[in-house]
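Below: one structure, written as structure tokens.
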Amino acid sequence: MRKIVLANQKGGVAKTTTAVNLAFGLAMQGKRVLLIDMDPQSNASFATIGVQELKKSTYDLLINDASVKDVVVETKHKNLHLIPSHINLAGAEVELANAVGCQHILRTKLAEHFETHGADSYQYVIIDAPPSLGFLTINSLAAAEEIIIPVSASVFALNGITMLDTTINKVRRRLNNPNLRISGVLCTMYEDTNIAKDVVAQLRSRFGDVVFKNVIRKNVKVEEAHSRAESIFTYASDSTGAISYTALVQEVLDRE
């Protein structure tokens, strides 16, 4: 089983878009996938299941001691399950600030679930972390083994990555997660401009082969798909966005 967190404290880098379409794409390849929405904005939840009256969410998982089984919901795709988020999650940082073990509750909950239901109940766990370096992101990193960092092809693309790298190192040491590693850096919102080409060159210079060979090209169809709670693969299968994310899914599979 692979546990992958999508993280970048800089917003507007297609982090949630990538998490959702990676999860859908892997499910379409026959993989059993659990998508966890750790962002209080709940965009991954909306993009996956639309507007629904939820009984429980990641807030209940972290704050009210609910189990994974209690909060997981089915999606349109039989191989994809979701742990949805809720706006209440925004208060979790304060509510658990002084709680014992507050930084690895998600890891504990997942471990309990897999101990009961088997480690092969899901082949992939995809975690959409919020665009910050607070409690929720720390929980997400502590629960994962791999990090994919989406980076937009813009002049400020590399801002903040050093801070994220520092946080990753702290999680490795202080939260006993030595296997946590950056398994992929993904250039998103790419257009054929000199700035975009420079960003890709800088990423390859800094991260080497960890950078995905394929980039995610800017495509309005991706946002349209999200607004309709669909994946890009079902909404516009022949679009640039679908082609880009299909290539990403294959690269992730190739790195198993």
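Each residue in region 96-136 was checked for being hydrophobic (A, V, I, L, M, F, W, C), assigned to a loop (DSSP other than H, G, I, E, B) and either over 19 Å from Asn43 (Cβ atoms) or modelled with pLDDT under 90 (or both), and 6 pass.
Yes/no matrix, rows are residues, columns are (1) modelled with pLDDT of 95 or more; (2) of a type outside the set (A, V, I, L, M, F, W, C):
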position: Val185; (1), (2): yes, no
position: Phe207; (1), (2): no, no
position: Val222; (1), (2): no, no
position: Thr234; (1), (2): no, yes
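Please go through region 176-203 and pick out each residue that is charged (D, E, K, R) and within 23 Å of Asn21 (Cβ to Cβ). Arg181, Glu191, Asp192 - these are the residues of region 176-203 that are charged (D, E, K, R) and within 23 Å of Asn21 (Cβ to Cβ).
Based on this model, can you work out whether Leu141 counts as farther than 30 Å from Val199 by Cα and either buried (at least 23 other Cβ atoms within 10 Å of the Cβ) or at pLDDT below 90 (or both)? So Leu141 fails the test.
Listed by position, the strands (runs of 3 or more DSSP E) contained in region 1-94 that have at least 2 residues being more than 24 Å from Arg181 (Cβ to Cβ) and over 12 Å from the mean Cα position of the chain (by Cα) are 80-83.
Might you let me know whether region 206-225 holds any residue that is part of a helix (DSSP H, G or I), in contact with a strand residue (DSSP E or B) (Cβ under 7 Å, 6 or more places away or on another chain) and under 16 Å from Val13 (Cβ atoms)? Yes, region 206-225 has at least one match. A count restricted to region 137-152 and to residues that are in contact with a strand residue (DSSP E or B) (Cβ under 9 Å, 6 or more places away or on another chain) and either of a type in the set (Gly, Ala, Ser) or assigned to a strand (DSSP E or B) (or both) stands at 10.
Which of the residues spanning region 237-256 are outside any helix (DSSP H, G or I), more than 18 Å from the chain's Cα centre (by Cα) and more than 17 Å from Met189 (Cα to Cα)?
Ser237, Asp238
The values are calculated or read from the model by the stated rules, or taken from the named source; none is laboratory data. Owing to the predicted nature of the structure, the values given are computational and were not obtained by experimental measurement. When we count neighbours, we look across all protein chains shown, and the Cβ atoms used for this are built from the backbone with ideal geometry, even at glycine.
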